[in-house]
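Working notes for the structure below.
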Amino acid sequence: MNECYDLIIVGTSFAGSFFLLRYLERAPPQARVLVLERGRVDSKVWQLQHRAPSSIPGEQVYVNRTPLKLWLTSPGFGGNSNCWWAGAMRMMPNDFKLKSRYGVGADWPLEYTDLEQHYGTVEQVMLVSGPADVPMPRSRPFPLPPHRFSTPDVLLKARFPDSWFHPTTARASVATGKRGVCCASGICELCPIDAKFTIQNGLAHIYEDPRVTLRLESPVDSVDISAGVATGVNYIRSGRGERANGDLVALAASALFNPHIMLRSGIHHRLLGRRLHDQMEVDVCVDLHGVRAYDGSTVITGNGYMFYDGEHRRDHSACMVETWNSPFTYQPAALRADRGRWNERQYLRFIFDDLPREDNTVTVSASDPRLAETTFNGYSDYARRAAERIPQMVDKLALALPIERIEGIELASSSGHIQGTVVMGDDPTSSVVDRHLVHHQIRNLLVLGAGAFPTATPILPTLTLSALSLWAADHQLGQGVGGGAVGKRAR
């Protein structure tokens with residue numbers, strides 16, 4: 001006999017966990033929720049002992065046809081919260097309306113104001129640190145105070161007071177009770193003191209709710225669809241095929257695996273699995289004269305918005321600048337060889353938004369249908385035109401910093417942010433899910449996460465995708481009161 005649930009969630013990372021958090025706040029005591037997770041619980045002790053965020057390597061779950069472009073994934077309880085670097089920033093209001101404001105890309109089917117309260121809730125759960133001054137509207141302060149600037153950040157803030165800010169991050173700036181203070185070691189994917197927010201240290205309690213059944217090591221093969229309705233999911237447990245019936249199905253397995261599951265379920269759309277994208281990131285090392293870097297209190301100590309918004313977005317992408325505070329994070333060249341001047345060098349990261357290309361894809365591997373397969377044919381010309389302006393951008397930063405020369409410019413192999421593939425929109429012909437992340441045709445199937453993003457902004461996606469899960473849950477909960485999704489089986 002098949003099991004029956006009010007809600008089935010696939011995945012335990014940010015998207016699934018924040019949806020579940022909000023769902024449980026209003027679901028009745030009789031509600032039954034099944035959560036299926038491909039991986040195991042890899043504890044912090046295990047991660048540090050094995051120097052890996054997951055016991056399942058990413059190459060075991062997807063095939064990369066373009067190895068020079070990396071897509072980072074961490075299968076297991078908590079998903080990519082185990083390997084993220086805890087950048088927790090909000091998108092800018094104009095990021096939601098590129099087409100109507102600047103005539104390029106696509107508008108999102110919602111606005112900043114729709115997510116503002118949800119952003120604040122996610123920040124409170126994650127205990128995000130940040131400053132009193134930020135470049136976007138806020139209705140409440142950050143839960144934790146900001147991290148300490150580095151010396152270069154102090155100079156940049158003095159010269160650009162309205163466009164240089166402390167970073168907003170879920171790396172603790174003060175002890176929180178469960179998380180220690182960030183040690184600025186620059187090995188954030190394996191934070192040695194558990195300073196960053198993860199599902200394990202911040203939301204594990206929701207999986208202990210008696211209404212929730214969590215099944216680990218249970219990869220999902222497909223969603224069953226009958227007469228345009230999702231009736232349940234098929235998954236593997238202990239090597240055997242299992243099936244669970246559900247009134248509401250929420251895929252939250254990332255922009256790689258949500259389209260993979262949908263395609264294996266016989267769900268088709270012209271854009272399903274297309275527009276795979278992330279930010280384009282370029283690393284720049286500059287030598288400084290008489291100014292020492294790397295003395296801040298976390299791995300990234302400043303964010304610059306002076307190249308972000310404006311009419312230039314009609315021609316080329318926006319850019320956010322990061323100052324990196326750990327010389328050993330990616331390259332030993334972040335240190336100088338000059339005697340007595342080893343830290344008179346600043347490592348900068350320029351992050352550009354991208355206009356998604358339809359030929360960057362996730363498909364079902366022909367050699368092994370259990371695996372997703374990625375192909376990446378490059379970034380847009382829109383992003384590349386912006387990157388060509390890096391020397392001029394460095395010249396502007398030199399108004400604040402005593403820059404002697406640019407030591408190196410290098411395109412990063414990955415930003416680690418998997419977006420697109422299940423795009424949201426109001427028009428079913430040009431989008432897969434609607435503004436509440438509900439599939440346009442299968443109205444009890446939600447597809448959560450950054451796969452819904454119509455564009456990649458310079459802002460890291462985690463806070464937004466988590467806020468979107470709260471937004472989507474509120475929509476379902478509103479429908480559920482009095483006979484909708486929530487409590488449909490409750491008797």
Looking across the stretch 274-293 at residues that are out of contact with any Gly (no Cβ under 9 Å at 6 or more places or on another chain) and crowded, with 24+ Cβ neighbours inside 10 Å, the single one that is nearest to Pro75 (Cα to Cα) is Gln279
- Message: Considering only the stretch 381-391, I want to know if a residue exists there that is surrounded by 15 or more Cβ atoms within 10 Å (Cβ to Cβ), at pLDDT 95 or above, on the phi < 0 side of the Ramachandran plot and in contact with an Asp or Glu (Cβ under 6 Å, 6 or more places away or on another chain).
- Response: yes
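Looking at the stretch 107-121, is at least one residue assigned to a loop (DSSP other than H, G, I, E, B), among the aromatic types (Phe, Trp, Tyr), touching a strand residue (DSSP E or B) at 6+ places or on another chain (Cβ under 6 Å) and crowded, with 17+ Cβ neighbours inside 10 Å?
First, pick out the residues of the stretch 107-121 that are assigned to a loop (DSSP other than H, G, I, E, B): 108-111.
Next, only the ones that are among the aromatic types (Phe, Trp, Tyr) stay: 108.
Filter once more, keeping what is touching a strand residue (DSSP E or B) at 6+ places or on another chain (Cβ under 6 Å): none.
For the stretch 107-121, residues assigned to a loop (DSSP other than H, G, I, E, B), among the aromatic types (Phe, Trp, Tyr), touching a strand residue (DSSP E or B) at 6+ places or on another chain (Cβ under 6 Å) and crowded, with 17+ Cβ neighbours inside 10 Å: absent.
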Those residues of the stretch 63-86 that are out of contact with any Gly (no Cβ under 7 Å at 6 or more places or on another chain), buried (at least 18 other Cβ atoms within 10 Å of the Cβ) and either under 13 Å from Ala372 (Cβ atoms) or not charged (D, E, K, R) (or both) come to a total of 9
Counting only residues that are surrounded by fewer than 24 Cβ atoms within 10 Å (Cβ to Cβ), among the hydrophobic types (A, V, I, L, M, F, W, C) and at pLDDT below 95, the stretch 396-440 contains a total of 4
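Can you say whether Pro161 is surrounded by 20 or more Cβ atoms within 10 Å (Cβ to Cβ) and either under 30 Å from Tyr305 (Cα atoms) or aliphatic (A, V, I, L, M) (or both), as far as the supplied structure shows? Steps first, answer last, please.
Details: surrounded by 20 or more Cβ atoms within 10 Å (Cβ to Cβ): no; either under 30 Å from Tyr305 (Cα atoms) or aliphatic (A, V, I, L, M) (or both): yes.
No; evaluated as a whole, the condition is false for this residue.
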Pairing a residue in the stretch 51-78 that is over 18 Å from Gly16 (Cα atoms) and free of Cβ contacts under 8 Å to residues at least 24 places away in the same chain with any residue that is surrounded by fewer than 19 Cβ atoms within 10 Å (Cβ to Cβ) and not β-branched (Val, Ile, Thr), where Cβ atoms lie under 7 Å and the two sit 6 or more apart in sequence or on different chains, gives Ser55/Arg40; Gly58/Leu72
The one condition Trp324 fails out of (1) among the hydrophobic types (A, V, I, L, M, F, W, C); (2) closer than 24 Å to Arg384 by Cβ; (3) surrounded by fewer than 23 Cβ atoms within 10 Å (Cβ to Cβ) is (3)
Scanning the stretch 195-210 for residues that are of a type outside the set (Ser, Thr, Tyr) and buried (at least 17 other Cβ atoms within 10 Å of the Cβ) gives Ala195, Lys196, Phe197, Ile199, Gln200, Asn201, Gly202, Leu203, Ile206
Listed by first then second residue, the pairs whose first member lies in the stretch 325-348 and is modelled with pLDDT under 90, whose partner is of a type in the set (Lys, Arg) and outside any loop (DSSP other than H, G, I, E, B), with beta carbons under 7 Å and at least 6 positions apart or on separate chains, are Ala334/Arg345; Leu335/Arg345; Arg336/Arg345
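Tell me, which strands (runs of 3 or more DSSP E) wholly within the stretch 194-296 include 3 or more residues that are polar (S, T, N, Q) and under 27 Å from Ser365 (Cα atoms)? Explain how you work it out, then say what you get.
Values: elements: 212-215, 220-226, 229-237, 240-251, 280-288.
Where strands (runs of 3 or more DSSP E) fall fully within the stretch 194-296, none carries at least 3 residues being polar (S, T, N, Q) and under 27 Å from Ser365 (Cα atoms).
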Residues in the stretch 461-491 that are modelled with pLDDT under 95 and assigned to a loop (DSSP other than H, G, I, E, B) total 11
Would you mind stating whether Ala398 is more than 26 Å from Met262 (Cβ to Cβ), in contact with a strand residue (DSSP E or B) (Cβ under 9 Å, 6 or more places away or on another chain), touching a residue at least 12 places away in the same chain (Cβ under 8 Å) and small (Gly, Ala, Ser)? no
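Using the structure shown, decide if Leu24 is more than 17 Å from Ala253 (Cβ to Cβ), modelled with pLDDT of 95 or more and outside any loop (DSSP other than H, G, I, E, B).
Details: more than 17 Å from Ala253 (Cβ to Cβ): yes; modelled with pLDDT of 95 or more: yes; outside any loop (DSSP other than H, G, I, E, B): yes.
Taking the combined requirement at face value, the residue satisfies it.
The values are calculated or read from the model by the stated rules, or taken from the named source; none is laboratory data. What you see is a predicted model, and the numbers here were worked out from it, not measured in a lab. All Cβ positions, glycine included, derive from the backbone under ideal geometry; neighbour counts span all protein chains shown.
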